[in-house]
Amino acid sequence: MADAFVNLPADSNQALGIAQYAIDFMSDGPTGGQPDKSVIEKTNLFHTDAVLCGLSAIALGTNAPNLLRAEALQYAVPPGDHGPGLGKSKFHGATCFGSSIRVKSEKAIVANASAVREWDSNGTNFGYNPKTNSLAGEFGHNDFYPVAIAATQMMGRDGAYALKGMILLDEIRGRLAEVFSLKTYKIDHVLHGAIASAATFGAMVGATAEQIESAIGMVVAHYVPFRAIRAGKQLSDSKGASAAISTEAAILSMKRSMAGFLGPRDIFRNPEAVFRIFEGPGQMFQKVGATKANTDKADASPFNLLLARSGSDFAVMGMHFKLGLYEHQSAGALQAMIDLIQKSPALIANAQGENIKQIKIVAYEPAFGIIGDPAKRDPKTRQSADHSMVYIVSTLLRKALEQKKAGWKELMLAPVDYGPEAINNRLTRQLMGKIEFAHGGPDYDRRYPDGIPTSVVITDNTGKTHDSSLVMYPGGHARNTTADLKGILAHKFQLLGSLAFDNPAPIIDRYSDIHTKSADHIQTINNFDLTVKGKFD
């Protein structure tokens with residue numbers, strides 16, 4: 001049996017190494033990927049979660065997913081038109097959610113990935129692997145599964161092939177997030193996903209290692225997205241569609257490479273590419289305490305890269321679920337609020353929140369900087385509200401006051417909680433005024449990204465304080481052991497599915513346990529009526 005991991009040293013051509021790893025992983029031979037049942041189960045849950053997020057976003061008329069879906073449907077391809085260099089593909093094009101029309105695969109992918117990401121409610125990773133001391137802490141999300149579905153449709157393969165591609169994609173982008181922090185240099189985290197998308201799509205549709213290397217080179221050389229898309233007092237469509245747009249570019253790069261276009265080679269060691277520009281030659285060797293001779297190497301990337309081939313130690317196992325719609329950096333505060341209300345129900349006895357005098361939330365960087373920005377204290381759009389700690393916590397508390405209940409299922413934040421009426425809710429705004437958000441300093445910062453270190457102290461109307469103590473692993477976190485994860489996710493799937501369908505059960509089943517689905521099922525997986533109900537502002 002092949003080794004459980006593939007090691008790509010810093011002084012090797014890692015772009016070519018990723019390419020060969022991807023090809024081997026997707027193969028049926030002895031070098032093929034062999035993730036165990038736990039990896040398959042977790043990836044299946046992330047995939048179903050992502051799809052239900054996407055279908056509900058389209059049904060409620062969100063702007064970018066519907067615009068990109070309409071655009072994709074303008075790129076229908078006739079039978080037999082596989083695109084340049086894709087002669088090995090069996091079927092033409094791929095499909096968008098809720099459509100049987102075959103369109104250019106990159107267009108189906110950009111539309112579906114945009115829908116998946118729109119609510120900012122699907123899976124998350126924080127780039128943390130203490131086993132290998134890879135602690136770069138880069139963000140990322142499970143936005144890219146449409147890549148695997150599109151490639152599987154093109155090749156006429158079954159759900160097991162699609163699921164294997166999803167695991168591969170999460171492994172590459174997840175491990176890159178552990179070893180290189182893009183956000184440190186104001187680059188958007190979706191670059192890691194775009195690299196992984198190029199490699200996975202290429203491996204799934206029959207590209208050579210050199211063609212995949214070329215495509216990765218093009219992605220890094222031509223399409224580096226900066227965090228300017230996430231800056232500003234009120235965020236735009238670009239924030240939610242960033243992964244989709246970068247992935248569209250990655251698939252186009254892969255197709256061009258397969259048609260004969262030659263992109264830059266050995267991109268991770270390229271001295272003019274983003275990795276070496278920001279973390280120069282030999283830094284990886286300096287980090288591991290190598291000799292002076294090694295630190296002078298001019299052709300080293302900033303990191304070693306270890307990629308799983310078999311077993312349970314895959315990157316996806318360290319990724320986290322969102323138990324509703326919220327910025328994941330707020331999950332610790334939400335868990336603390338739920339815990340405090342369950343422990344002291346008198347806090348929500350008064351429907352107007354008058355039993356609560358003050359709420360102090362203490363958290364770490366980058367949570368304090370990202371969702372504690374003073375500009376986020378007065379959100380006016382959904383994209384800003386779901387990145388506002390004070391808004392997220394106040395909305396959860398408002399729901400608790402209205403329902404006199406506390407729990408992830410009972411208080412699950414849904415799209416309606418970020419609509420104009422909710423954003424301007426009088427009670428929510430009053431509660432926001434009671435919140436103080438503070439940075440916990442080094443003691444909190446050092447605990448991230450292992451956990452989501454947050455504490456909440458509520459002072460009631462008698463002056464008594466209610467202290468949550470430190471929350472590290474809230475519900476949905478990969479290291480949480482107390483939440484009923486499957487039960488809460490089932491509730492979330494039903495909640496989101498019901499926004500799109502009168503009876504969401506058949507749709508949930510259609511996308512669940514994808515590894516058990518036949519090739520015929522994958523060909524028609526998106527073929528169903530999906531009605532757009534108005535426009536979500």
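The values are calculated or read from the model by the stated rules, or taken from the named source; none is laboratory data. Since this is a predicted model, take the numbers as computed values, not measurements. Cβ sites come from the backbone with ideal geometry, for glycine too, and all protein chains shown count toward neighbours.
Summary of computed values
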item: Pairs where the first residue, in the range 516-532, is more than 14 Å from residue 151 (Cα to Cα) and among the hydrophobic types (A, V, I, L, M, F, W, C) and the second is at pLDDT 95 or above and not in a loop (DSSP other than H, G, I, E, B), C-beta under 8 Å, 6+ apart; result: 528/507; 528/510; 530/55; 530/58; 530/59; 532/58; 532/59; 532/66
item: Hits in the range 72-89 - residues which are farther than 11 Å from residue 104 by Cα and of a type outside the set (Ser, Thr, Tyr); result: 79, 80, 84, 85, 86, 87, 88
item: Candidates 98, 127, 123 - the one that is surrounded by fewer than 24 Cβ atoms within 10 Å (Cβ to Cβ) and in contact (Cβ under 8 Å) with a residue 12 or more places away in the chain; result: 98
item: Residues within the range 42-62 that are buried (at least 24 other Cβ atoms within 10 Å of the Cβ) and out of contact with any helix residue (DSSP H, G or I) (no Cβ under 9 Å at 6 or more places or on another chain), tallied; result: 1
item: Entirely in the range 384-482, the helices (runs of 4 or more DSSP H) that have 1 or more residues that are surrounded by 14 or more Cβ atoms within 10 Å (Cβ to Cβ) and in contact with a Ser or Thr (Cβ under 7 Å, 6 or more places away or on another chain); result: 389-403, 420-423, 426-432
item: Some residue of the range 404-411 being of a type in the set (Asp, Glu) and either in contact (Cβ under 8 Å) with a residue 12 or more places away in the chain or in contact with a Lys or Arg (Cβ under 6 Å, 6 or more places away or on another chain) (or both); result: no
item: The listed residue being under 18 Å from the mean Cα position of the chain (by Cα), crowded, with 24+ Cβ neighbours inside 10 Å and not β-branched (Val, Ile, Thr), out of 203, 194, 207, 215; result: 194
item: Flag if residue 492 is basic (Lys, Arg) and either under 24 Å from the mean Cα position of the chain (by Cα) or in the same structural domain as residue 163 (by TED's automatic domain parsing) (or both); result: yes
item: Residues located in the range 353-381, provided they are under 16 Å from residue 429 (Cα atoms), acidic (Asp, Glu) and under 29 Å from the mean Cα position of the chain (by Cα); result: 378
